[in-house]
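Q: Here's a structure for you.
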Amino acid sequence: MKSILIFLLFISFAAFGMHHEKLDVIVFAIDLEINEGKKDSAKNFVSKITDNVKRNEPQTLVYQYHFSNKENKAFLLEIYPNNEAALLHMKNFTGSNWEAEFVENFSIKSASILGKANSKLKKAMEPYTTDFRSNLSGFDRVADQLSKEIINIK
């Protein structure tokens, strides 16, 4: 179910402003566990880092934390239009106070990078994951429909 949601979000945001055949969209799908006793701290951190990403990374298309209601689980969804935007995020995060506070609050259970990640992005993601997945097959009705609508608007 989660993979279907991520795939749909990937397609939906990939379509905005460009034709889907020329996209290089990168998706970070990260399953997290909130560290013991850190639920309130994690929520505070999420608010601060989300504001920071929104202010300082204008190409970030989606940056969302999803918390479970009863368990200490969270899911982080990040969508970037290309490798360069994803790399900028990693440059801003790695070795920063943001990374230190993230590690205080969360443990990564799994992390998948979807899209055509280049070698620089793969290197930047080494501390977090080696799970890189490129699209093998499929179709994109959402992007096709939005492309048609964008063309009709012009």
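The values are calculated or read from the model by the stated rules, or taken from the named source; none is laboratory data. Note that the coordinates shown come from a computational prediction; the quantities given were computed from them, not determined experimentally. Please note: Cβ atoms are built from the backbone with ideal geometry, for glycine as well, and neighbour counts cover all protein chains shown.
Q: Could you identify the single residue in T60, T50, T130 that is more than 13 Å from the chain's Cα centre (by Cα) and of a type in the set (S, T, N, Q)?
A: Unique residue meeting the criteria: T130.
Q: What pairs come out if I take residues in the stretch 33-55 that are modelled with pLDDT of 95 or more and pair them with residues that are among the aliphatic types (A, V, I, L, M) and loosely packed, with under 14 Cβ neighbours inside 10 Å whose C-beta lies under 9 Å away, six or more apart or interchain?
A: Within 9 Å, the pairs are N35/V103.
Q: Moving on to the next point. Please determine whether any residue of the stretch 127-134 is at pLDDT below 95, in contact with a Lys or Arg (Cβ under 6 Å, 6 or more places away or on another chain) and surrounded by fewer than 15 Cβ atoms within 10 Å (Cβ to Cβ).
A: So far as the stretch 127-134 goes, yes, one or more of its residues are at pLDDT below 95, in contact with a Lys or Arg (Cβ under 6 Å, 6 or more places away or on another chain) and surrounded by fewer than 15 Cβ atoms within 10 Å (Cβ to Cβ).
Conditions (1) modelled with pLDDT of 95 or more; (2) loosely packed, with under 13 Cβ neighbours inside 10 Å; (3) more than 16 Å from the chain's Cα centre (by Cα), marked per residue:
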| site | (1), (2), (3) |
| --- | --- |
| Y65 | yes, no, no |
| K73 | yes, no, yes |
| L76 | yes, no, no |
| P81 | no, no, no |
| L87 | yes, no, no |
| E99 | yes, no, no |
| G115 | no, no, no |
| K122 | yes, no, no |
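Q: Something else about it: If I ask for residues that are over 18 Å from F75 (Cβ atoms), in contact (Cβ under 8 Å) with a residue 40 or more places away in the chain and in contact with a helix residue (DSSP H, G or I) (Cβ under 7 Å, 6 or more places away or on another chain), which ones from the stretch 105-137 would you list?
A: Those that are over 18 Å from F75 (Cβ atoms), in contact (Cβ under 8 Å) with a residue 40 or more places away in the chain and in contact with a helix residue (DSSP H, G or I) (Cβ under 7 Å, 6 or more places away or on another chain): A117, L121.
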